[in-house]
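J.: Pasting a structure here, questions to come.
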Amino acid sequence: MHNNPLWHQLHEKAKQPQVRDLRALWQQADRHQLLTYECENLYLDLSKNWIDSSAIGLLCELATHAKLKPAIEALFEGQVVNTTDQLPATHTQLRDPDNRAYSKNLDRLFALADQVTGGHIKTAFGEPVKQLVNIGIGGSYLGPRLVVEAITELQSESLIPVYFAASVDDALINQLFQSIDIRHCLFCISSKSFSTVETLMNARAVEQKLKQLPGYQPTEHNSSLMAITANTPKARAAGIPSSMILPFEETIGGRFSLWSAIGFPIVLAAGKEQFLALLKGAHQMDCHYREQPFASNIPVLMALMTVWYRNFIGLDAYGCLPYDARLRSLPKWLQQLMMESAGKMHNIDGEVITYPTTPWVFGDHGQLSQHAFFQAFHQGVDALPLDFIGVLEKDSDSQNFLLFNLIAQGAALMSGKEEDHSMKGCPGNKPSTTLLMKDISAQTVGQLLAMYEHMVYSLSVIWNINCFDQPGVELGKAIARDIAEHVANNTLNDMALDPSTLSLIKKVMEH
Ligand code: F6P
């Protein structure tokens, strides 16, 4: 990719001082008009970024050169896009009402949800289900958690309250058991592979605790455990009754799975209508992504901005700052989506690449971050691209206060302030993007999340990497398994470990 002339032109463009100078960039009269975009319930303002329309034009050409358009078609047509596993990635099919996969997914999901909410499925204590605990991690946790938080706080209360257990932590499980109504609780083991150690350990810990309780009598019909997985044989082997297993397809990537059976906690918490609205919003973004020219295609533009900052301007971080507590889990979800998908150093042909890929994604609820790390944005020596995300919806004093804070931060970063005492001054000229959501309905949340999914897919096409695998994560897991085995067999010294690692393990063992 970096051999083509566009790459060179973009490097030259990025070297021009005026392209990194917001005051100079704002000399262009129609800048604001040129760099603001709308799609359904989202409004995107790129005008506070170190970019001009000629750079955007070159980046669009780069996307064309990278064959992004046919790659988008390949995604939607179910062609192999996960080249490592030789699989298509079919998450968009789950939100397309004209696709067979859509109704197959919903039929399974809603049938089980109806049985649970209708009281036909009983826990192993013979009681109807009134609560759900989702045991899962990574993509089997972050998406459902984000959506449950975002859309159920809209309703006065969740239909079925959902709790999440992700990391391995005895204290967390104990605390959970104290706060839930165990006899009425359904524990949902969410794991695509049904092999993730953290999830299986937590599931085992929960089962052990349940077994010690009086009245616990699991049968094929009464079960306190259910599974959501693409590996049904393993779930069956773990003793989950077939009727309590919600399957989904291997072609749904973990990070892209909230639309599948993995979204079951969302259906229980928010209801079927809300889940349908979520899918509808995502499908609207799918259509936009598939149909719009790059120059007005929001996910593509977001990807191009990332390429610009990462590969040409040379910035290596990316901040996600939602100014609404209901979206507090968005930064973590985006972090996994971007860093696990695009944290790659090999292209799809297995060759080592020479250009940087994912930035370090971080973020938090915007207002809380203001009082934590924004000082470094304003007066730190670095600049980094930031997404400020606001919700227009409520005309309340507190919502307006949040939005004015969001807007003020973008303005202050860009314009800065001169002071007599130089240490008090802020230099300004710090870039940011503003994304406003019309509301925080399920439909708009669907649009937002699909937008980021497509941004990441577009990045992977431009970077010529596979965004649907994560071989790197496997290495740490394999070493952890090895260490546990060697410790158990007292053969630690046989492991080819460096002195630091070896002594750390010994410290743990001594302790
Ligand atoms: O973190 C690695 C990972 O494989 C993610 O890609 C995935 O979302 C997560 O673990 C959980 O995997 P599973 O759903 O198979 O338990």
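J.: Which one of these does Pro322 not meet: (1) within 16 Å of the ligand (Cβ to nearest atom); (2) more than 28 Å from Gln86 (Cβ to Cβ)?
T.: It is condition (1) that Pro322 fails.
J.: In addition: Could you go through region 128-141 and let me know if any residue there is of a type in the set (Ser, Thr, Tyr) and within 21 Å of Pro331 (Cβ to Cβ).
T.: Yes: one or more hits.
J.: I want to confirm something. Restricting to region 182-199 and keeping residues that are modelled with pLDDT of 95 or more, among the hydrophobic types (A, V, I, L, M, F, W, C) and within 16 Å of the ligand (Cβ to nearest atom), which single residue is surrounded by the most Cβ atoms within 10 Å (Cβ to Cβ)?
T.: Checking each candidate, the answer is Ile189.
J.: Hand me the list of strands (runs of 3 or more DSSP E) wholly inside region 312-431 holding 3 or more residues that are buried (at least 21 other Cβ atoms within 10 Å of the Cβ).
T.: Correct list: 317-322, 386-391.
J.: Looking only at residues that are among the small types (Gly, Ala, Ser) and more than 28 Å from Asp169 (Cα to Cα) in region 111-140, which one is nearest to the ligand (Cβ to nearest atom)?
T.: Per the criteria, the residue is Ala113.
The values are calculated or read from the model by the stated rules, or taken from the named source; none is laboratory data. In this text the structure is predicted, and so the values were computed from the model without any measurement. Cβ coordinates were reconstructed from backbone atoms using ideal geometry, including for glycine residues, and neighbour counts include every protein chain displayed.
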